[in-house]
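Below: one structure, written as structure tokens.
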Amino acid sequence: MLLRMPKFNMSPEESRALVNYFASSARLTNPLAGVTAPYVQIPQKDSSFWKNAELEYRERLESYRDGKETKRIENEIKEVERRQKEKPDDKSAAERLELLKKDLAFATEMAGVAKEQLAEADRLRQETGKLKEEIDKLEKSAIDKDNKNKDADAKALQAKKKELAGRDPGDLYSRQAYRLLTSADALCFSCHSIGSAKLPTAKGPNLTMAAERLRPGWMEHWIAKPSRMFPYPPIMSDNFPTNRDPLEWKTRRSLVGTQEQRVRATRDLLLDSARLNELVELMPPAPVAQQAPPSKNGEK
């Protein structure tokens, strides 16, 4: 990989001192830049962040699955059609109606995707719940002095724990963010290694290093539209275009939501390198060349 910036071979302490200096200088001379501290707090490294994100994502899925989104759009379509009848020459109403019909088609598709993701999450919860019950029983029997099969139960206990570790791929939000990150449409794994999933032809740094190198705000802007961050064309492509037709969003089936929500989900996962590494071990990504190619509308 060719780096434009030279390597200074500074110690961690020297690097930190230099960053502190520039951050302090920016706060004094350029307050509108919004630099709040030399080292920002990363909420994505806190377990409470993921609990809240999981609840929020579940609510979003349930809204699509239960038809609330489609109903909301249908009501808006009726209102625009009423306005169009009152003012037949209103071009803005016609344009709005066309966009709403695309939104309705998107919401209808996402209702099916949301149903699938929620069903999978419920199935995984039930499977892991049964395994945890079996583990609890084996733990008790393994320490029971009167148990004649103590050694066999101890072996079975270790096997069940290993099975649990290999079956529980984390919460629904981070799991779908991981699928988004490793999908063929997002192309991240075509240029970057991800943890232990090495890419021989990697063009950029390992993505598990992102949390140590990048600030959350900058990372979000970079993922959303790399081309606006530099005066020269960057190697990284715009993977989340904001074209108005949502059916053209190739990654839409990986994580239900807007393009902005997909960008944030990708950023959130990259900021928790420990969680990302766990998901890589539990769900190793297939090389992009081996993934099923998307159909005309980007469906898998």
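The values are calculated or read from the model by the stated rules, or taken from the named source; none is laboratory data. What you are looking at is a predicted structure, and each value in this text was computed from that prediction instead of being measured. Don't worry about glycine lacking a Cβ; one is built from the backbone with ideal geometry, like all the others, and counts go over all protein chains shown.
For segment 244-267, give me the residue count where each residue is surrounded by fewer than 15 Cβ atoms within 10 Å (Cβ to Cβ) and basic (Lys, Arg).
Matching residues across segment 244-267 total 1.
Can you tell me how many residues in segment 31-51 are modelled with pLDDT of 80 or more and either of a type outside the set (A, V, I, L, M, F, W, C) or part of a loop (DSSP other than H, G, I, E, B) (or both)?
Taking segment 31-51 as the starting set, the residues that turn out to be modelled with pLDDT of 80 or more are 42-51.
Adding the requirement that they be either of a type outside the set (A, V, I, L, M, F, W, C) or part of a loop (DSSP other than H, G, I, E, B) (or both) leaves 42-48, 51.
Looking only at that region, the number is 8.
For segment 268-285, what are the residues that are at pLDDT below 90 and either in contact with a helix residue (DSSP H, G or I) (Cβ under 6 Å, 6 or more places away or on another chain) or buried (at least 19 other Cβ atoms within 10 Å of the Cβ) (or both)?
Within segment 268-285, 285 is the sole residue that qualifies.
If you take the residues of segment 66-99 that are surrounded by 15 or more Cβ atoms within 10 Å (Cβ to Cβ) and aliphatic (A, V, I, L, M), which of them is nearest to the chain's Cα centre (by Cα)?
The qualifying residue nearest to the chain's Cα centre (by Cα) is 73.
Given (1) out of contact with any helix residue (DSSP H, G or I) (no Cβ under 8 Å at 6 or more places or on another chain); (2) closer than 29 Å to residue 55 by Cβ; (3) assigned to a loop (DSSP other than H, G, I, E, B); (4) not polar (S, T, N, Q), identify the lone condition not met by residue 222.
Looking at each condition in turn, residue 222 falls short on (3).
Output the residues belonging to segment 1-14 that are over 28 Å from residue 233 (Cα atoms) and either surrounded by 10 or more Cβ atoms within 10 Å (Cβ to Cβ) or modelled with pLDDT under 70 (or both).
Those that are over 28 Å from residue 233 (Cα atoms) and either surrounded by 10 or more Cβ atoms within 10 Å (Cβ to Cβ) or modelled with pLDDT under 70 (or both): 10, 14.
Those residues that are at pLDDT 90 or above and over 13 Å from residue 117 (Cα atoms), I need them from segment 150-179; list them, please. So that I can check it myself, show each step before the final result.
Within segment 150-179, the first condition is being at pLDDT 90 or above, and the residues that meet it are 172-179.
Residue satisfying the conditions is 178 alone.
For residue 88, all conditions in the list (1) farther than 17 Å from residue 173 by Cα; (2) assigned to a helix (DSSP H, G or I) hold save one; what is the number of the exception?
Result: residue 88 passes all but (2).
Give all pairs with beta carbons closer than 8 Å in which a residue from segment 26-44 that is on the phi < 0 side of the Ramachandran plot and surrounded by 10 or more Cβ atoms within 10 Å (Cβ to Cβ) meets a residue that is among the hydroxyl-bearing types (Ser, Thr, Tyr) and at pLDDT 70 or above; count only pairs at least 6 apart in sequence or on separate chains.
38/24
Pull up segment 118-136, narrow it to residues that are farther than 18 Å from residue 175 by Cα and of a type in the set (Asp, Glu), then point me to the one that is surrounded by the most Cβ atoms within 10 Å (Cβ to Cβ).
Checked segment 118-136; the qualifying residue surrounded by the most Cβ atoms within 10 Å (Cβ to Cβ) is 134.
Only residues that are in contact (Cβ under 8 Å) with a residue 60 or more places away in the chain and either of a type outside the set (A, V, I, L, M, F, W, C) or surrounded by 21 or more Cβ atoms within 10 Å (Cβ to Cβ) (or both): list them for segment 189-206, please. Walk me through how you get there before you give the answer.
Filtering segment 189-206 for residues in contact (Cβ under 8 Å) with a residue 60 or more places away in the chain gives 189-190, 194-197, 199, 202-205.
Once the filter is applied, which keeps residues that are in contact (Cβ under 8 Å) with a residue 60 or more places away in the chain and either of a type outside the set (A, V, I, L, M, F, W, C) or surrounded by 21 or more Cβ atoms within 10 Å (Cβ to Cβ) (or both), segment 189-206 yields 189, 190, 194, 195, 196, 203, 204, 205.
Need pairs with beta-carbon distance below 9 Å; first residue over 18 Å from residue 132 (Cα atoms) and within segment 145-166, second surrounded by fewer than 13 Cβ atoms within 10 Å (Cβ to Cβ) and hydrophobic (A, V, I, L, M, F, W, C); sequence gap 6+ or separate chains.
The qualifying pairs are 150/143.
Only one of 54, 62 is loosely packed, with under 14 Cβ neighbours inside 10 Å, within 22 Å of the chain's Cα centre (by Cα) and in a helix (DSSP H, G or I). Can you tell me which?
On the way: 54 fails: loosely packed, with under 14 Cβ neighbours inside 10 Å.
So the residue among 54, 62 that is loosely packed, with under 14 Cβ neighbours inside 10 Å, within 22 Å of the chain's Cα centre (by Cα) and in a helix (DSSP H, G or I) is 62.
Given (1) touching a helix residue (DSSP H, G or I) at 6+ places or on another chain (Cβ under 8 Å); (2) under 29 Å from residue 163 (Cα atoms); (3) exposed (fewer than 15 other Cβ atoms within 10 Å of the Cβ), where does residue 229 come up short, assuming only one miss?
(2)
Could you list, in sequence order, the residues of segment 216-225 that are touching a residue at least 60 places away in the same chain (Cβ under 8 Å) and surrounded by 14 or more Cβ atoms within 10 Å (Cβ to Cβ)? Please lay out each step first, then the result.
Taking segment 216-225 and keeping what is touching a residue at least 60 places away in the same chain (Cβ under 8 Å), we get 216-217.
Across segment 216-225, the qualifying residue is only 216.
Could you give me the residue pairs with C-beta distances under 7 Å whose first residue belongs to segment 74-99 and is closer than 16 Å to residue 246 by Cβ, whose second residue is of a type in the set (Val, Ile, Thr) wherever it lies, and which are 6+ apart or on separate chains?
That search, which allows pairs on different chains as well, returns 96/80; 97/77; 97/80.
Within segment 214-254, which residues are more than 27 Å from residue 16 (Cβ to Cβ) and among the aromatic types (Phe, Trp, Tyr)?
232, 240, 249
Just to be sure I understand, how many residues within segment 226-245 are in a loop (DSSP other than H, G, I, E, B) and touching a residue at least 12 places away in the same chain (Cβ under 8 Å)?
Just the residues of segment 226-245 that are in a loop (DSSP other than H, G, I, E, B), to begin with: 229-245.
Narrowing further to those that are touching a residue at least 12 places away in the same chain (Cβ under 8 Å): 235-242, 244-245.
Within segment 226-245, residues that are in a loop (DSSP other than H, G, I, E, B) and touching a residue at least 12 places away in the same chain (Cβ under 8 Å) number 10.
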